[in-house]
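First comes the structure, then the notes that go with it.
Values quoted throughout were computed directly from the atomic coordinates according to the rules given, and no laboratory measurement underlies them. Because the structure is predicted, anything quoted here is derived from the model rather than measured. FYI the Cβ positions are ideal-geometry reconstructions off the backbone, even for glycines, and counts take in every protein chain you see.
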Amino acid sequence: MAYQAPDNEPDTDSKKEIRLYNPYKDLGIPNQNLYHLPSSPEYLFIEEAERKRRSWGENLTFYTGCGYLGGAIGGGARGLVDGVKSFEAGDTLKLRINRILNSSGHTGRTWGNRLGIIGLLYSGIESAMMETRDTDDVWNSVVAGLGTGALYRISGGVRSAAVAGAVGVVVAGTVVTVKQAFKRYAHLALESLIGTGINVIGSTVDTLTAFLGRSVSLQLISSTQSDENGNGKVVKDTFLEGIIVSLPTLGAGECAFSIHFEWDDSMGIPGAFYIKNYMQVEFFLKTLTLEDVPNQGTIHFVCNSWVYNSKLYKSPRIFFSNKPYLPSETPAPLVKYREEDLKNLRGDGKGERQEHERIYDYDVYNDLGNPDRNENHACPILGGSTTFPYPRRGRTGRYPARNDPNSEKPGDVYVPRDENFGHLKSSDFLANSIKFLTRYVLPAFESVFDMNLTPNEFDSFQDVRDLYEGGIRLTTEVISTISPLPVIKELFRTDGEQVLKFPPPHITQVNKSAWMTDEEFAREMIAGVNPCMIRSLQEFPPKSNLDPTIYGDQNSKITAEVLDLEGCSLEEDYPFSETLKPVAVELSLPHPDGDESGATSKVILPAKDGVESTIWLLAKAYVIVNDSCYHQLMSHWQNLINSDGIIERTFLPSKFSLEMSSAVYKNWVFTDQALPADLIKRGMAVEDSSSPYGIRLVIEDYPYAVDGLEIWFAIKEWVQDYVSLYYPTDNDLKIDPELQNWWKEAVEVGHGDLKDKPWWPKMQTVEELVESCTTIIWTTSALHAAVNFGQYPYGGLILNRPTLSRRLLPEQGTAEYEEMVKSHQKAYLRTITPKLETLIDLTTIEILSKHASDEVYLGEMDNPHWTFDSRALQAFQRFGNKLNEIEEKLTEKNKDGRLSNRIGPVELPYTASSY
């Protein structure tokens, strides 16, 4: 029986380019609708509809057919020429025609057969490659070209086959390159047609006015005058008029258009407008400014939204003016329009999310693996269970996997287009770079090592530094593959000798070896890329929280007897020092007799000379590997985690990354994410009413905490000022249904696995709202900056921030130990991240560490008319001024030589919390 399409599947060609055949669809419809036939193909089964490339049979038919047809046409043409050349004096017309037909037919058949066979070979090899690799990219075509050429000429000997294979590679690569270049050109041309309108500033539009005409219309909606149904009056459609070229607020790549509305006093005050796009291309609408409105002056609508063809929406797109209202204060004529817009944003939880939608709904992380590929690529579902609890992701609604109906097929992450990076923003480059990196750059890097063009091991620290100083030599094929990509042009420098260089990380720019010092190792725990994990020791020796009946004795083996405290007593007179130093590293392994037997541990002490100094350097490396992995998986909650993704391939936890991230979430507490609460919980601060913010730092020169507290309380002051404008009392907050529903959804749906935890704020007081909003803003701004933008400055030197440990600490009497004695550098490099994974790591973190040139920072707004409320504007101006003062203060602190933790041995000023 044919597959019956579910209710949530699109019915029109405007939704998707493929449709599933449903024999029961549209039964009983009017006869005239039978003539409104779609042009897209119908499919019987989901598998056919989901397929993004030709099947092997289609490939066989396509390439063989095209080869034979092309050969027949070309051969026929060549035969025609040969036939004409064979004319002899005295030939009759019939004889001449016969010569042409014989020659054309013979040559056409010969060429057709040859090219048909080539097409047959090519299709078979390419289909086999696609099936084996489960991906469709340029490498399939290149290998198919190589194999086809070699097989076709193998009868002529090895040399002939090699030459033919090389020709096949060139031809296949050229065809793919031309095809991709054409696709890029088509995409750019389309982008150049995207525009905006209406006194209305928007995205680039090269030739929009040439055909704009009646392609975009608007309808104003009254906020004070109602129709017979009690809804705001709507004026008739009005279309865009002439382009404005002299508007002083226009930015680069922006255009503005004028429009004249027919509006009189009986219509009242405009409070919203509909906009309809009749073009096939979308545009980005930034603002609508109504001027000379009677008794109102100027009314601003701040839109910042993509508007697609109107047929894609169930109701016209609507935008409201910048005048803020609580639900209870919303003008009656606008209530129905507001409710409709909220309904559209919520969606109905059905169907696959489309690019034009703005729907926000939730799902578990069931798309991290690809069980249809093989069982090794299957991943556990994160969220929805006590085994693997996790926050929810944005729902995509993709089809389920064939081998696991509870898992979704992997695909692009759905983010409403308005929340994603715009196509003109340089920040969009950063988002797309990860996709380019995974699909093109990483396979190209792997090919370098697969072909043994460069060893996969560093032999010295200078080999590592050569990535920045000398570069790494690549083949012409690899360079041609990756050099056209924006990520390569932006991140690396290439020269005529095909050398690829990484930018030098800041940590090596002043002193190339300072990263090895104990002072720098310790300083980075409070001022490096992951400064929010260090804890104050509350008991000594440290004790484990693991259940001893299950895991045995996991308590630390670091005792006062094994430490060298330079004659000081740990309990009484160990001197307080603002400059931290490591005093021991404990390395533990599972007990060979099982978990219940505890752990086997070894305590490593600092050393400066001999083989002991190498052992100490390796011990610190093991610490950093764990810190690097925790940083990406938890502190940064990286979105690069998926089956065989970048994190799994280049970080120590490998395939267990997902489970580890979920395990940490089990103990996550929302209220602990507030910076003061976090510092106190980690023992890095204590409550002290006499201190400026009510808490006192245990280490006064703790750059992350010092800077963070300044920013945290500036954010909180701004939130308090803003919230108090609209919720002067707790009761005002309690009776706001939109606010209460927002918080209920965030807790019970977004964090459904932890929804019953008692620590969640109940959102019944203004203070709870202020604290919650401050925590969210802090997390997404200054905290993210602290753990993100320092990744390449510190981790760009893989020696300083390794991500893998490949072997255990060498034991005496082993070959590894002897190697360590002979060369501490080689021993270190054989333990940490190898060369291929280093290239992947460095490329990834360089992308993630970048600031976009058009980035809007905390305390800034990209539109001065973001709100009508002058009180809110004044409060935000005070917030911006406060942040500027903080920035100046922190800059001066970096110049204070007494605050050694802000600069350190590597002389890298602490600016990671820059917002």
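Normalised by the number of residues in the stretch 208-346, the mean separation of alpha-carbon contacts (under 8 Å, six or more apart) gives a relative contact order of 26 percent. Taking other C-beta atoms within 10 angstrom as a stand-in for reagent exposure, TRP778, TRP866, TRP263, TRP759 fall in the order TRP759, TRP866, TRP263, TRP778, fewest first.
Label sites at ALA663 and VAL686, each approximated as a point 7 angstrom past Cα along Cα to Cβ, lie 3.3 nm apart.
Under a 5 Å amide H cut-off, with hydrogens placed 1.01 Å from N, GLY271 pairs with ILE221, SER222, SER223 among residues at least 5 apart or on other chains.
Extending 7 Å from Cα along the Cβ direction at ARG78 and again at THR386 yields two label points whose distance is 7.5 nm.
Residue by residue, the stretch 610-625 carries 3J(HN,Hα) couplings of x, 5, 4, 5, 5, 4, 5, 4, 5, 4, 5, 5, 4, 4, 5, 4 Hz when phi is fed to the Karplus relation 6.51 cos²θ - 1.76 cosθ + 1.60 (θ = phi - 60°); x denotes Gly or Pro.
Along the stretch 714-719 the Karplus relation, 6.51 cos²θ - 1.76 cosθ + 1.60 evaluated at θ = phi - 60°, assigns HN-Hα couplings of 5, 4, 4, 4, 5, 4 Hz to successive residues, with x for each Gly and Pro.
Which pairs, out of LYS512/LYS608; LYS543/LYS602; LYS343/LYS409; LYS620/LYS826, put more than 21 Å between their alpha-carbon atoms? Beyond 21 Å: LYS343/LYS409. Work through the residues other than LYS323 whose Cβ is under 11 Å from its Cβ and net out their charges, Lys, Arg +1 and Asp, Glu -1. Net charge in that neighbourhood comes out at -2. Other residues with beta-carbon under 11 Å from the beta-carbon of VAL235 carry, at +1 per Lys or Arg and -1 per Asp or Glu, a net charge of -1. Each residue in TYR665, TYR278 was given a count of other beta-carbon atoms within 10 angstrom of its own, and listing them fewest first yields TYR278, TYR665.
Working from label points 7 Å from Cα in the Cα-to-Cβ sense, the THR779 to ILE735 distance is 3.1 nm. For the stretch 268-274, putting each phi into the Karplus relation 6.51 cos²θ - 1.76 cosθ + 1.60 with θ = phi - 60° gives couplings of x, 9, x, x, 6, 8, 8 Hz, in residue order, rounded to whole numbers and with x for Gly and Pro.
When the alpha carbon coordinates of the stretch 208-346 are projected onto the principal axes, the ranges are 43, 35, 25 Å, largest first. Taking other C-beta atoms within 10 angstrom as a stand-in for reagent exposure, HIS260, HIS377 fall in the order HIS260, HIS377, fewest first.
Stretching the chain fully between PHE261 and THR549 yields a gain of 95.9 nm (0.36 nm per residue, less the alpha carbon separation). Dividing the alpha-carbon radius of gyration of the stretch 662-780 by the rule-of-thumb value 2.2 N^0.38 Å gives 1.15.
The length gained on full extension between THR92 and MET861, counted as 0.36 nm times the residue separation minus their Cα-Cα distance, comes to 268.2 nm. Label zone of VAL510 (point 7 Å out along Cα→Cβ, amide N under 18 Å): in the stretch 519-537 this covers 519-529.
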